[in-house]
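Notes for the one structure printed next.
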Amino acid sequence: MLHNKRSHGNPKINDATQEPVNCTNYTAYVQCFPAPNIICKDFGGNETHFTGSEVGFLKPISCRNVNGYSYKVAVALSLFLGWLGADRFYLGYPALGLLKFCTVGFCGIGSLIDFILISMQIVGPSDGSSYIIDYYGTRLTRLSITNETFRKTQSYP
């Protein structure tokens with residue numbers, strides 16, 4: 001039995017990115033501390049007696065890859081300067097930004113569409129990273145179907 005003594009399930013959060021510190025490859029590790037007076041035996045037969053202050057193991061938790069693109073800034077640029085292409089320049093799409101600039105946001109239609117796409121987090125940074133979103137902000141979790149996805153066959157009445 002494990003005891004949530006120190007930081008199990010509560011990783012140290014980076015203030016700038018709002019993601020766990022040392023997040024690499026969409027995974028961060030949290031220290032887990034076994035409860036006091038727990039004795040664990042490993043495969044070699046060695047016993048470890050825990051007092052409650054030693055790290056028992058590191059638990060992997062999922063995190064998002066962020067590279068400095070703020071969701072608030074992207075939405076604000078899209079709303080106020082989208083007709084100049086500032087949102088696309090900010091997100092790393094210079095060709096689309098220049099095209100929006102030259103066409104005045106595709107006569108306003110492109111600006112409206114981009115505002116909706118950026119607000120819904122369908123369009124994100126060009127490098128494939130996620131937005132930096134405040135702790136209480138809305139986060140989009142994309143669901144995708146891969147070869148490892150289990151599917152239930154549909155039955156129609």
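The values are calculated or read from the model by the stated rules, or taken from the named source; none is laboratory data. Nothing here was measured: the structure is a model prediction, and the numbers come from that model. No Cβ is skipped: glycine too gets one built from the backbone with ideal geometry, and neighbour counts run over all protein chains shown. Just so you know, the surface numbers come from the protein's heavy atoms only, side chains and all, with ligands and any DNA or RNA stripped out. Shrake-Rupley method; radii C 1.70, N 1.55, O 1.52, S 1.80 Å.
Some notes on this structure:
- Looking across segment 54-102, the residues that are in a loop (DSSP other than H, G, I, E, B), touching a residue at least 24 places away in the same chain (Cβ under 8 Å) and closer than 21 Å to Pro11 by Cβ come down to Val55, Gly56, Cys63, Arg64, Asn65.
- The residue that is surrounded by the fewest Cβ atoms within 10 Å (Cβ to Cβ), among those in segment 97-121 that are of a type in the set (Ser, Thr, Tyr) and within 13 Å of Ala76 (Cα to Cα), is Ser119.
- Residue in segment 139-149 that is modelled with pLDDT of 95 or more and not polar (S, T, N, Q) present: no
- Here segment 22-44 is the region considered, the condition is being of a type in the set (A, V, I, L, M, F, W, C), more than 13 Å from Arg64 (Cβ to Cβ) and part of a loop (DSSP other than H, G, I, E, B), and the residue that is least open to solvent (accessible area, probe 1.4 Å) is Phe33.
- Any hit, segment 62-72, residues being hydrophobic (A, V, I, L, M, F, W, C), more than 30 Å from Val30 (Cβ to Cβ) and buried (at least 17 other Cβ atoms within 10 Å of the Cβ): no
- Residues (under 13 Å from Asp134 (Cα atoms) and of a type outside the set (Val, Ile, Thr)) located in segment 67-84: Gly68, Tyr69, Ser70, Tyr71, Lys72
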